[in-house]
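Beneath this line is the structure, given in C-alpha cells, with notes to follow.
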Amino acid sequence: MGKYLLFLSNRLQTVLQYRVGFLMMIVTNVFLILAKYFLWQAMYSAEGKLQIAGFSLDEMVLYVLVSSLVYLLIQTNIEHEIAREVMQGEIAVNLIRPVNYLLQKFFISLAYFITNFLFVVVPLILLATIFFPFGSILSYHWIPLSVGILLAFVINFFFSAFSGLIAFWTTNTWGFQMLKLSLISFLSGWIIPLDFFPEYLAKIASILPFKSLVYDPVMIFLGKAGDFNAVAILLLKQGIWLALFSAFGLLMWNRGIRKISILGG
C-alpha cells in the first residue's frame, strides 16, 4: 500500500504547485452556480408557483449548489492521461513496474479528489452559507451523501479509465471522451434535476448508471429519496454499478495489455 500512497503524495505535490488553478476553479464554479440560481429564480417568478416538479425555490438552490459540488468531486482527470500513455507507448514502462496500473491511477485520482475538496469545495460551501440562508445544515443527510459521493467517485473512475483505455483500439479517443462528458453532464442531473425531464427521457435516465453519479446522492442529501429502505436501495444500486463498471474496466485492461503482448510492444 505504501507505494500507492507514494503515487498519491507525488501527485498532490504536483497539483499543489498550481494554486492559481484552484482560484480559477472557485471563480468558474461561483459563476456557474450564480447563473443557474438566477435562471431558476426567474423561472419560479415567471411560473408564480411555490413548487415546480416537487422542488421549492430554496430546495432548487440547494440542489444546484450540492449537485455542482458533487459533480466537481467525482472528476478523476485520468482518461486523457491513460490515453496519452497508451498512444505514446509509455504504458509499456508501467507494465514492468511492480504495481497494479489501474490501482496506481486510482490513487492519482484521489489526489484530485482531496485537493478539489479542500481548496474548492470547502471554500464554495463557506461562501454559499454566507449568501444563501439554508437553515440548519445539520438537518441534511451528510453521512449517506458522503457514502454516495465516494461510490460515485469510484464508478466515474472506472468509467474514465475505460474511456482512456479505448486508446488500445483507436488513435483518437477525443470523440468518446466528449460523449462521456455529455452523457454525465446531462443524464447525471448536474445540469437540471431529472424530475424536469420528459417522462420518456426520465425513464431512460432512471435505468442508466449516470444518475447515480450526481442526482441520487443529492436527492438523498435533500431527503427526497424516500425512507431508509429507499436510500439503502439507491446506495445498493450504486454498488451494483460499481461492480459492473470495475469488471468492464478490468476486462478492457486485460484485453488491452494482451494486445500489446501480441504486437510485441
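The values are calculated or read from the model by the stated rules, or taken from the named source; none is laboratory data. What you see is a predicted model, and the numbers here were worked out from it, not measured in a lab. So basically every Cβ, Gly included, is an ideal-geometry build from the backbone, and we count neighbours across all protein chains shown.
A few remarks follow.
- Lys49 vs. criteria touching a helix residue (DSSP H, G or I) at 6+ places or on another chain (Cβ under 9 Å), basic (Lys, Arg) and surrounded by fewer than 16 Cβ atoms within 10 Å (Cβ to Cβ): no
- When segment 193-245 is limited to residues that are of a type in the set (Gly, Ala, Ser) and part of a helix (DSSP H, G or I), the one that is farthest from the chain's Cα centre (by Cα) turns out to be Ala230.
- Against the list (1) free of Cβ contacts under 8 Å to residues at least 60 places away in the same chain; (2) in contact with an Asp or Glu (Cβ under 9 Å, 6 or more places away or on another chain), the condition Leu222 fails is (1).
- Segment 160-182 - residue that is more than 15 Å from the chain's Cα centre (by Cα) and small (Gly, Ala, Ser) and, of those, surrounded by the most Cβ atoms within 10 Å (Cβ to Cβ): Gly164
- One residue from Gly164, Gly148 being over 22 Å from Met252 (Cα atoms), in a helix (DSSP H, G or I), touching a residue at least 24 places away in the same chain (Cβ under 8 Å) and of a type in the set (Gly, Ala, Ser): Gly148
- Count of segment 183-226 residues, restricted to those that are surrounded by fewer than 17 Cβ atoms within 10 Å (Cβ to Cβ) and within 30 Å of Val86 (Cβ to Cβ), is 4.
- Inside segment 158-180, residues that are touching a helix residue (DSSP H, G or I) at 6+ places or on another chain (Cβ under 7 Å) and over 12 Å from Glu81 (Cβ atoms) make up a count of 8.
- Complete set of residues in segment 92-111 that are surrounded by 19 or more Cβ atoms within 10 Å (Cβ to Cβ) and either in contact with a strand residue (DSSP E or B) (Cβ under 7 Å, 6 or more places away or on another chain) or aromatic (Phe, Trp, Tyr) (or both): Phe106, Phe107
- Boolean, Ser136 is modelled with pLDDT under 90 and polar (S, T, N, Q): yes
- Counting only residues that are over 23 Å from Leu12 (Cα atoms), outside any helix (DSSP H, G or I) and either among the acidic types (Asp, Glu) or in contact with a Lys or Arg (Cβ under 9 Å, 6 or more places away or on another chain) (or both), segment 62-95 holds 0 of them.
- Single condition Asn29 does not satisfy, out of (1) over 30 Å from Trp169 (Cα atoms); (2) touching a residue at least 40 places away in the same chain (Cβ under 8 Å); (3) not in a helix (DSSP H, G or I): (3)
- Filter result (exposed (fewer than 13 other Cβ atoms within 10 Å of the Cβ) and part of a helix (DSSP H, G or I)) within segment 7-22: Ser9, Gln13, Thr14, Arg19, Val20
- Meets criteria (modelled with pLDDT of 90 or more and surrounded by 17 or more Cβ atoms within 10 Å (Cβ to Cβ)) for Met25: no
- Subset of segment 96-124 [part of a loop (DSSP other than H, G, I, E, B) and either within 18 Å of the chain's Cα centre (by Cα) or of a type outside the set (A, V, I, L, M, F, W, C) (or both)]: Arg97, Pro98, Asn100
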